[in-house]
């Protein structure tokens, strides 16, 4: 029997907020969903469309950057090279300083728009 790929994928806090706000329009949210929505509203720093674009832009910097790492970067929106490096600190590789700088510049561009 073939193994099915998981339908689970990481999403940014902005996307979580969007998904739960849509579900709230359709009916009541569970207690956990309400808590999650409250958290996402407090801590999502950009809207869901910008978040999706930013994930895509970050992944273009280097083909070793995973979707999960890009999502984490978007959730944090690091301002310094050191903060970006922390996202990659548990991985098998370290990004070159030039690429880390690129990520910081991309984030700045999204913050200002």
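Could you look through the range 99-113, keep only residues that are modelled with pLDDT under 90 and more than 10 Å from residue 77 (Cα to Cα), and pick out the one that is surrounded by the fewest Cβ atoms within 10 Å (Cβ to Cβ)?
Result: 112.
Can you find a residue that is assigned to a helix (DSSP H, G or I), within 14 Å of the chain's Cα centre (by Cα) and surrounded by fewer than 15 Cβ atoms within 10 Å (Cβ to Cβ) anywhere in the range 64-73?
So far as the range 64-73 goes, yes, one or more of its residues are assigned to a helix (DSSP H, G or I), within 14 Å of the chain's Cα centre (by Cα) and surrounded by fewer than 15 Cβ atoms within 10 Å (Cβ to Cβ).
Could you tell me which numbered condition residue 53 fails, if it satisfies all but one of (1) under 16 Å from residue 108 (Cα atoms); (2) assigned to a helix (DSSP H, G or I); (3) at pLDDT below 95?
So the condition that residue 53 fails would be (3).
The values are calculated or read from the model by the stated rules, or taken from the named source; none is laboratory data. As the structure is a prediction and not an experimental result, all values here were calculated from the model. Neighbour counts are summed over all protein chains in view; Cβ atoms, including those assigned to glycine, are modelled from backbone coordinates with ideal geometry.
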